[in-house]
Structure formats: C-alpha cells, structure tokens
Amino acid sequence: MTTLLEELKGIVGAGGCLTDPTALQPHLTEWRGTYTGQTAALLKPRSTTEVSAIVKVCARAQVAIVPQGGNTGMCGGAVPDDSGDQVILSLERMSQIRSVDTENFSMEVEAGCILANAQDAARENGRYLPLSLGAEGSCHIGGNIATNAGGINVGRYGTARTLVLGLEVVLADGTVVDGLRSLRKDTAGYDLKQLFIGSEGTLGIITAASLRLFPDPGVLSTALIGIESAAAAVDLFGSLRTALDDRIESFELVSDYVFGLVTQYIPETRLPFDNTYPWYILIDSATGDSAKQLENALGEAAERGQLLDAVIAKNAKEAADLWRLRHSIAEAERQEGKALKHDISVPLSRMQAFLRDGDELLAKEWPNAQLVAFGHIGDGNLHYNVVLPGELSKAEWDAEGDRVSRAIYDLVQASGGSFSAEHGVGQAKRAWLERYRGGPELDLMRKLKNTLDPANILNPGKVI
C-alpha cells in the first residue's frame, strides 16, 4: 500500500492525499453515525484527468475505490468498509460551475459542486435549478445524481434523473466517457447516462454534469396547513392541484409528533398556530407576487372541510422560518434517538389506503411503537419511520426492527410501491433489494455491474 500511496500522491499532489487519522475521521462515518469504516487514504483530485489516472492505478493494483461527495447520504453508500483496504475518492476540489447557458436553459457543473452553489449560479443568471433538499448547503451534485436525489420539488420537476441532460463519467478502467451534451432530444443509440444516475458510484464515477434549468418561478407563496389525518392530505393535494394548476412547487406532510421534535431540539423554532393539529402540510406555490390565489384555494378547501387551519407567510422571513421547521427534521430526529428508517413511495391513488393499513398494522402488532412520519406527499414519497420502545436490548431491537421493516415493506410492495424512494440502497437496503427486486430485474443489474466493473473495484458492497 505504501508504494501505491506514493504513486497516487504523485497524481493529486501532497495536498490531495489525506492519510492523517484525524483528518480522515469525518469521511469515515455516515453523518447519522450508523455506518463507519476505515481507509488508508482519501484522494482529492482536481480534474477528470486526475480521476482517470487514480482509477487506472487502483485498477492495476486491484484496490477498491469509494466515491464520496458531501457524505450526506442516508444508507451508508459513501463510506468504506472496515478492512482499511479501500481508498476514498472525494470530488470536493472539483467544484467549478463551468458554464450557464441561459438561452439553452442549461448549466454545466463539476461533480463536487455544492448543490446550493449551483442553485445560486442559476438564479444569478435568471434561471432556476429546482433540485432542493435539506442538505443542499453541503451535498454535492455528483452525489445527488449518483443517488437520483429527490427532495421537495419532485412533484413538479421530477427527481435528479429528469434534470440531467448529460454526464461525464470515469469507468472502472479509467476510460473517460464524455457525454456532456445539453440536448433535450437525442436518440443516437442507448441513453448511457441513465446507467450511472442512481447507481451510487458502482458503475462509474460521475465527474461533471449538464443540468436542465427552468424559468425562475419568482416569488413563492408559502403556507402551513393543519389537517385531521395523513390520509386527508391526499384529497387536499388533489383539490389544490386542480385549483392552482401546475403551480404547486412543494407539498410536504409532517406529523405533529415530528414537528414537536423539531421545536424541542432545534433552537428558535415554533409553529405559528395557537392550537396543535394531528398533521400539517407545508406548501409552496408559484403564484407570483400575490398570495391571493393560494388564499382563495385554501378558503375553498376549508369550506369543504379539507383542512382545520392555515397560515400564509407574509414575507420571505416567515416563509424561511416555516421551511426551517421542515429542513430541521432530520437533525431533530437524530437527536431524539435511533429510528427505523423507511423511505418509501406508493402511487398517490393508493396513498390513503396505505396510510390506513399502516396505522392498523402498527396498532395491532406494535402498539408501543411511535410512528415518525413525514414526506413529499405530492410525489408519493413518505418517510415512514418508526421508533421502537427504548427498553429493548440491542439484539431485541435489531430482531424486532427487522420484523417491523419487513411488514411495512410488504405492505408497500402490495401497494405497488418501492422500499427506496429517494435515499438509494447503499449498504442499508441490499437485502431488501434482493427480496423485492430479485429475479430477472436484479440479475440484469448484476450483469451490468459485471460488464462495467468486472473486478468490482467501484464502491464494492453497495447496492448489489
């Protein structure tokens, strides 16, 4: 390994190779602390040429590479195993915004570009990059694409996959595939970029991307709505979508229990109601400078009995305060303690039935469990997390947790849904992939992996 490290240092320079244990530590643990690994070195290339050279050296030495972006993933997909034999390849120094093409409504960015920086660059040019999630101040574009990130605006704009026009990728033998075209229509052969979107670095290392931009939606109207039940959110969404056409940017469902965690653990957060309600909806609507259209739509919904209360933000600060509640959920949940994470999706037409059946399942089989539910109800994605009683031993917690997850995922499967909506598979969900996507579908995934990475050096142990 010493000789290999010297060769790698020669590629990235002394400042591009970290070996000090203290400097490495933040890169070895998933941010929630669930997965931890070891490595001899973290490499920080400055260009695609350097990434290619690193991969060639590692391929020759049969040393595995773990690509890492902002390390904000939820399934352990960006941390090495505990052998110490894998190296981490961080794209953080490849963070340039190469260009913004306003006429083509596109931009080209390097994989290490922080999502918020890409959003700002688009906005400064009068354009809009709609990908938005809680970790946008630290997550990287490359990681967003490698996990096919979702976020709060999927209902209107789609996941990261729909925003990618082209990719630059380094393959397992160091070959660079330059597919950085910014075309909306291109039927010249297979659409190869789709292989790498959502592959979590197991098929190739994304080094740059051409992204689709949109007109700036301008001022958004933001409202927090109290409702009686989670199932009521589906009817409300249908009504508001009809009233507001395609102007709904975000439609987030959060339980009172979850917001209670936020106000408990996150300083200077509060709900803007005198009363509490069982569930809440946080909505952004692109209704221009006036919130009147949203106000009228909410008034009509209230007359139909579809909501209990609503507050519309009067200015940007009030809107930001409401969204801070939503974006603080993950941190508040982490401080509360360990929970079973279920990042699931079901068709909107079956969401009400799933929520009803899920409530019945937990009440019958695990009456002492606490449901911690929130999500992007407008696109059918729900974070259906469950906290088990604290008095369980670790062995009991693990065994019971497996039973709970299996029962919930079986219910999701019966509803025509997916056990992984936006967080990916990583290490955490490999067994579930085998259970729910086994057979020809998983066999084809393995054939793709074996074809593109026959030596299994790209993020081994993840996904499949």
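Among the candidates HIS376, HIS342, HIS327, single out the residue that is under 28 Å from the mean Cα position of the chain (by Cα) and under 23 Å from GLU400 (Cα atoms). Matching residue, one of HIS376, HIS342, HIS327: HIS342. Pairs meeting the criteria (first residue in the range 295-307 and within 19 Å of ASP245 (Cα to Cα), second residue of a type in the set (D, E, K, R), beta carbons under 8 Å, at least 6 apart or on different chains) are GLN306/ASP235. Number of residues in the range 1-19 that are surrounded by fewer than 16 Cβ atoms within 10 Å (Cβ to Cβ), among the β-branched types (Val, Ile, Thr) and part of a helix (DSSP H, G or I) equals 2.
Take the conditions closer than 28 Å to SER345 by Cα, buried (at least 20 other Cβ atoms within 10 Å of the Cβ), in contact with a Leu (Cβ under 7 Å, 6 or more places away or on another chain) and not small (Gly, Ala, Ser) and apply them to LEU203. Does it pass? Yes.
Looking at the range 20-39, which of its residues are closer than 17 Å to VAL87 by Cβ and either in a helix (DSSP H, G or I) or more than 18 Å from the chain's Cα centre (by Cα) (or both)? Within the range 20-39, ASP20, PRO21, ALA23, LEU24, GLN25, PRO26, HIS27, LEU28, THR36, GLY37, GLN38, THR39 meet the criteria. Taking (1) within 13 Å of PHE374 (Cα to Cα); (2) in contact with a strand residue (DSSP E or B) (Cβ under 9 Å, 6 or more places away or on another chain) in turn, ALA209 satisfies each apart from (1). Checking each residue in the range 433-451 for being over 25 Å from the mean Cα position of the chain (by Cα) and assigned to a helix (DSSP H, G or I) picks out PRO440, ASP443, LYS447, ASN450, THR451.
Answer yes or no: is there a residue in the range 127-145 that is modelled with pLDDT of 95 or more, surrounded by fewer than 23 Cβ atoms within 10 Å (Cβ to Cβ), closer than 23 Å to ASN104 by Cβ and more than 15 Å from the chain's Cα centre (by Cα). Yes, because at least one residue in the range 127-145 is modelled with pLDDT of 95 or more, surrounded by fewer than 23 Cβ atoms within 10 Å (Cβ to Cβ), closer than 23 Å to ASN104 by Cβ and more than 15 Å from the chain's Cα centre (by Cα). When the range 101-114 is filtered for residues that are under 18 Å from ARG46 (Cα atoms) and outside any loop (DSSP other than H, G, I, E, B), the ones remaining, listed by number, are GLU108, VAL109, GLU110, ILE114.
Every condition in (1) assigned to a helix (DSSP H, G or I); (2) under 28 Å from ASP284 (Cα atoms); (3) of a type outside the set (S, T, N, Q); (4) under 23 Å from the mean Cα position of the chain (by Cα) holds for ARG356 except the one numbered (4). If I ask for residues that are of a type in the set (Gly, Ala, Ser) and not in a loop (DSSP other than H, G, I, E, B), which ones from the range 270-313 would you list? SER285, ALA297, GLY299, ALA301, ALA302, ALA310 - these are the residues of the range 270-313 that are of a type in the set (Gly, Ala, Ser) and not in a loop (DSSP other than H, G, I, E, B). Here ALA61 clears all of (1) in contact with a Leu (Cβ under 6 Å, 6 or more places away or on another chain); (2) among the aliphatic types (A, V, I, L, M); (3) surrounded by fewer than 18 Cβ atoms within 10 Å (Cβ to Cβ); (4) more than 23 Å from ASP173 (Cβ to Cβ) except the condition numbered (4). Could you list all residues from the range 115-125 that are surrounded by fewer than 20 Cβ atoms within 10 Å (Cβ to Cβ) and either at pLDDT below 95 or touching an Asp or Glu at 6+ places or on another chain (Cβ under 6 Å) (or both)? Result: ALA116, single match.
Filtered by the rule that a residue be surrounded by fewer than 20 Cβ atoms within 10 Å (Cβ to Cβ), more than 25 Å from LYS394 (Cβ to Cβ) and among the aliphatic types (A, V, I, L, M), the range 320-355 gives ALA320, LEU348, ALA353.
The set of residues from the range 356-384 being crowded, with 21+ Cβ neighbours inside 10 Å, over 25 Å from ASP246 (Cα atoms) and of a type outside the set (Gly, Ala, Ser) comprises VAL372, TYR384. Residues that are free of Cβ contacts under 8 Å to residues at least 24 places away in the same chain and either in a helix (DSSP H, G or I) or small (Gly, Ala, Ser) (or both) within the range 242-262 comprise THR242, GLY260, listed in sequence order. When PRO389 is tested against (1) surrounded by 15 or more Cβ atoms within 10 Å (Cβ to Cβ); (2) assigned to a loop (DSSP other than H, G, I, E, B), just one condition goes unmet, and that condition is (1). Every condition in (1) buried (at least 23 other Cβ atoms within 10 Å of the Cβ); (2) in contact with a Lys or Arg (Cβ under 8 Å, 6 or more places away or on another chain); (3) assigned to a strand (DSSP E or B) holds for ILE152 except the one numbered (3).
The values are calculated or read from the model by the stated rules, or taken from the named source; none is laboratory data. These numbers were taken from a predicted model, which means no experiment stands behind them. No Cβ is skipped: glycine too gets one built from the backbone with ideal geometry, and neighbour counts run over all protein chains shown.
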